[in-house]
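What follows is a single structure, written as structure tokens, with notes after it.
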Amino acid sequence: MRLPLTGGCQCGLLRYEIAQAPRTVLTCHCIDCQRMTSSAFSIGFTIIDAPFHLSGPEPRLVQRVAESGQTRNRWLCPVCDSWLCGGSKPNSTDALRIVRAGSLDDTSWLLPTLHLWTRSKQPWVTLPAGGQCFETQPTKNLYEYLLTA
């Protein structure tokens, strides 16, 4: 992995740069992520907002109540609807952000070590040995857990 990390939406209007290494790479197998990505799971990585800089138009907020009962913020490109990240508003400071790993310019270094909501994973998905696996999420507040992980 080479810093800074760069990435963006599918149409290229929203771009980001990240100045520090991610804390965790994770997969989420919840039904919402499967539907949102039209795939078997979503893959993301966590960072603290301070090194995350988003440029381009104002992203569009989509809020969803997760299976856990908590409201989740997803930030999308207002033009192509690419899901770039979750958490507090982009460019805010001192908040945990989960960035959608597929939006990176270089994904070759990604290796998930945390697997969430495995009870709803597709039966053909084999989880790698050595990672942390949770049937749902590790605690009531996922963001608090990830800040301490």
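The values are calculated or read from the model by the stated rules, or taken from the named source; none is laboratory data. Note that the structure is a prediction, hence the values are computed from the model and not measured. Cβ atoms come from the backbone with ideal geometry, glycine included; neighbour counts cover every protein chain shown.
The table for this structure:
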read-out: Lone unmet requirement of (1) in contact (Cβ under 8 Å) with a residue 60 or more places away in the chain; (2) surrounded by fewer than 16 Cβ atoms within 10 Å (Cβ to Cβ); (3) more than 22 Å from residue 120 (Cα to Cα); (4) aliphatic (A, V, I, L, M) for residue 18; value: (2)
read-out: Number of positions in region 116-138 that are of a type in the set (Gly, Ala, Ser) and surrounded by 11 or more Cβ atoms within 10 Å (Cβ to Cβ); value: 2
read-out: Those residues of region 32-47 which are of a type outside the set (S, T, N, Q) and surrounded by fewer than 16 Cβ atoms within 10 Å (Cβ to Cβ), in sequence order; value: 35, 40
read-out: Residue among 111, 84, 13, 61 that is surrounded by 15 or more Cβ atoms within 10 Å (Cβ to Cβ) and either in contact with a strand residue (DSSP E or B) (Cβ under 7 Å, 6 or more places away or on another chain) or closer than 22 Å to residue 133 by Cα (or both); value: 84
read-out: Verdict on residue 44 being outside any loop (DSSP other than H, G, I, E, B), farther than 16 Å from residue 72 by Cβ, touching a helix residue (DSSP H, G or I) at 6+ places or on another chain (Cβ under 6 Å) and not polar (S, T, N, Q); value: no
read-out: Any hit, region 115-134, residues being closer than 25 Å to residue 19 by Cβ and in contact with a strand residue (DSSP E or B) (Cβ under 9 Å, 6 or more places away or on another chain); value: no
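One line per residue, one yes/no per condition, for (1) under 15 Å from the mean Cα position of the chain (by Cα); (2) modelled with pLDDT of 90 or more:
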residue: 4; (1), (2): no, yes
residue: 9; (1), (2): yes, yes
residue: 14; (1), (2): no, yes
residue: 18; (1), (2): yes, yes
residue: 23; (1), (2): yes, no
residue: 27; (1), (2): yes, yes
residue: 32; (1), (2): yes, no
residue: 36; (1), (2): yes, no
residue: 41; (1), (2): yes, yes
